[in-house]
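Taking it in order: structure first as structure tokens, then the write-up.
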Amino acid sequence: MKTMIYSVFALMLSASVLSACSDDEFNGDPAKDWNGTSTFFAPTDAQGFGTFYKPTVGRVGDPMPFYDQKTGDFKVLYLQEFENNMSHRFHPIWAVSTKDGANYVSLGEILPFGSNDYQQDAALGTGCAYEKDGTYYIYYTGHNGNCKNREVVMRATSPDFKTWTKDELWTLNGPDFGYSGNDFRDPQIFVADDNLYHMVISTYPVHGGDPVFAEFKSSDMKNWEHVGRIRMIWDRMLECPDIFKMGNYWYLVYSESFRASWSRKVKYMVAPTYEELKNCLNDGPKWPADGHEGVLDSRAFYAGKTASNGTDRYIWGWCPFRSGADVHEKNTNVGAGDGNEPNWSGAMVCHKIIQHADGTLTLGAVPAMAAKYNQAASANVITSNGYSNGTLSGNDAYVLFSRLGVCNHISFTVKTSNNWDKFGISFVRGTDSNKYYTMVVNPEWEDGRKVNLEQEGVEGKGFIEAADGYVFARPADNVYNIDIYTDNSVLVLYINDVCAYTQRIYGIQKNCWSINNYGGSISVSDVKVSQQ
């Protein structure tokens, strides 16, 4: 048994979050008169992030959200990643609480890892939390290569979400049901059409083959019966599954862990019933009718799982950090998109799920973010090329705006002159910058668009592999309503209600930004910047 202690350390984490978006002395950077200047500045991230949550020490991995009916807020558990984990003992489960997905309170450590290198849960892995009849449950992965089974499913219970008891006598072991003892992880619980609790677990058959979900059911959340397996998508491992009903549709949200970088993203399947949802995979894959295989965001948003308060459903994932995060370094903003795997863990990002009439999903801004970023800031034109009376014309046309703060909400509208116009939004751009980073809204074909990340400038390498988004439909009227939220080096871009794009770009804060045009012409209107 462990009693959670709200230590001075945890309070320090919370305090840092409350102050993370302050511009005062720019988080330790030297004071300077910024008005009217436009040369490159090398800022540093605050230790704690306020909107896209990151603890002062360490990083967020694999969020596990649920809505707590007893307290009327979301609890988001996550795997706490430290800079220097022990060789076998790592990833205790920590948590934050939030009522709106934009403001967080740290709850500190919820569930510790095992007390020695040979306990089954010497390392903790992804799971889920649930509340039933006044008892809180955490079902999680116990990971230890020193044990007979490297991974098993374990559980802990609490009457108050503070004092937790690990059930040392209960485990689900993959080989007992014909599954792998090495990969048996990421349990997720939901109530199915039969009004029973169901649990799916990501795994492989014991003798090899393509990955599957092991499915169990229970009437009491304590005793679980194995009821079969659900195929995944060919040889692709689907991690961090989340199954839920929203309106008239059933959904499976998953993170596709696949060797091809273009496919390692958070995706979803949709069907009218739970049985049909399973058949999307068993007889499939039957992709959603959205034109991009159910992809929800860029590769910089991973391990996404959802929770609903009965009115709105939100999804939490993590945006990876980059190694050598120094804006002076060559290609520092390229490392997670150069064809290699991005780093594991980072800052927590939350989106609101938007359900369309045909059952397809997109992601939008959490409403509380606009209310949080409510202090108007300047959006003065510093310099431009090919810009006149709100119109950008020509191949290298741009308009450079004044410096940003630490946390920014940027909004504007772009109208293209034809179906092929291409435009972008650049960050970390100064009048003396030899390279800077641009989210390009690229015409993949006449009626299809995709957000790419490009390193532009005379020293830029151009398109950044595996950092792009997904194809979405060109607006019929060629009008793009853009909203961008930044918190230190993490940003999210929303276009209308059809595109969400998360990215990590170091050096956004206290540098200028621009809107660019690449041939043809675009009109730009209603440019606004607000801060916290």
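Using a probe of 1.4 angstrom, how much of the accessible area of the range 361-491 is carbon and sulfur, in percent?
Percent of accessible area from carbon and sulfur atoms in the range 361-491: 44.
Charges at C-beta only: +1 for Lys and Arg, -1 for Asp and Glu. How large is the resulting dipole of the chain about its Cα centre, in Debye rounded to 20?
Its charge dipole is roughly 320 debye.
Placing unit charges on C-beta atoms (Lys and Arg positive, Asp and Glu negative, everything else neutral), compute the dipole magnitude of the range 35-114 about its Cα centre in debye, rounded to 20.
For this selection, approximately 80 debye.
Using only C-alpha positions, report the orientation-averaged shadow area of the convex hull of the chain, nm², one decimal.
Average of the hull's projected areas for the chain equals 23.5 nm².
What ³J(HN,Hα) values, in whole Hz, does the Karplus curve 6.51 cos²θ - 1.76 cosθ + 1.60 give for the range 247-255 when θ = phi - 60°, with x put for Gly and Pro?
So the Karplus estimates, Gly and Pro as x, are x, 9, 10, 9, 10, 10, 9, 8, 10 Hz.
Hand me the trypsin sites (Lys or Arg not before Pro) from the range 29-130 located in a DSSP loop with no more than 12 other Cβ atoms within 10 Å, in residue order please.
In loop regions of the range 29-130 (DSSP not H, G, I, E or B), the sparsely surrounded trypsin sites (Lys or Arg not before Pro) are 32, 70.
Hey, can you find the accessible area per residue of the chain for me, probe 1.4 Å, expressed in square angstrom?
Per-residue accessible area for the chain comes out at 37 Å².
On the principal axes of its Cα set, how long, how wide and how thick is the range 386-532? Give whole Å, largest value first.
Principal axes ranked by extent give 35, 31, 30 Å for the Cα atoms.
May I ask you to derive the relative contact order of the range 353-497, considering only C-alpha pairs under 8 Å and at least 6 residues apart, and to give it as an integer percent?
Over the range 353-497, the number comes to 20 percent.
By its C-alpha gyration tensor, with a ≥ b ≥ c as the square roots of the eigenvalues, how is the range 49-165 shaped: rounded for a/c under 1.5, else prolate for a/b larger than b/c, else oblate?
Working: a/c = 2.44, a/b = 1.33, b/c = 1.83.
Note, shape of the range 49-165 comes out oblate.
Let me make sure I get this right: for the range 266-305, a, b and c are the square roots of the gyration tensor eigenvalues over alpha carbons, sorted descending. Under 1.5 in a/c it's rounded, otherwise prolate if a/b > b/c, else oblate. Which is it?
prolate
Starting from the eigenvalues of the Cα gyration tensor, five times each then square-rooted, give me the equivalent ellipsoid semi-axes of the range 195-311, largest first, whole Å. Each step should come with its number before you reach the end.
On the way: eigenvalues 95, 71, 37 Å².
With the √(5λ) rule applied to the range 195-311, the semi-axes are 22, 19, 14 Å.
Which of 207, 85, 496 sits farthest toward the positive end of the charge dipole of the chain, with +1 on the Cβ of Lys and Arg and -1 on the Cβ of Asp and Glu?
85
What are the trypsin sites (Lys or Arg not before Pro) within the range 153-238 that DSSP puts in a loop, where the Cβ has at most 16 other Cβ atoms within 10 Å?
Hits after loop and neighbour filter: 162, 222.
Heavy atoms only, probe 1.4 Å: what % of the accessible area of the range 154-286 goes to carbon and sulfur, would you let me know?
It is 46 percent, rounded to a whole number.
Using the Kirkwood formula over every pair of different C-alpha atoms, what hydrodynamic radius in Å results for the range 58-107?
Radius from the Kirkwood sum: 11.7 Å.
Would you kindly derive the ³J(HN,Hα) couplings of the range 121-128 from the backbone phi angles with the Karplus curve 6.51 cos²θ - 1.76 cosθ + 1.60 (θ = phi - 60°), listing them in order in whole Hz, with x for Gly and Pro?
9, 4, 10, 9, x, 4, x, 7
Around residue 429, which amide H atoms from residues at least 5 apart in sequence, or from another chain, sit under 5 Å from its own amide H, with H modelled in the peptide plane?
Distant-sequence amide H within range of residue 429: 512.
The values are calculated or read from the model by the stated rules, or taken from the named source; none is laboratory data. Bear in mind that the values here come from a model prediction, so they are computed numbers and not experimental data. FYI the Cβ positions are ideal-geometry reconstructions off the backbone, even for glycines, and counts take in every protein chain you see. Heavy atoms of the whole protein, side chains included, go into the accessibility calculation; ligands, DNA and RNA do not. Shrake-Rupley method; radii C 1.70, N 1.55, O 1.52, S 1.80 Å.
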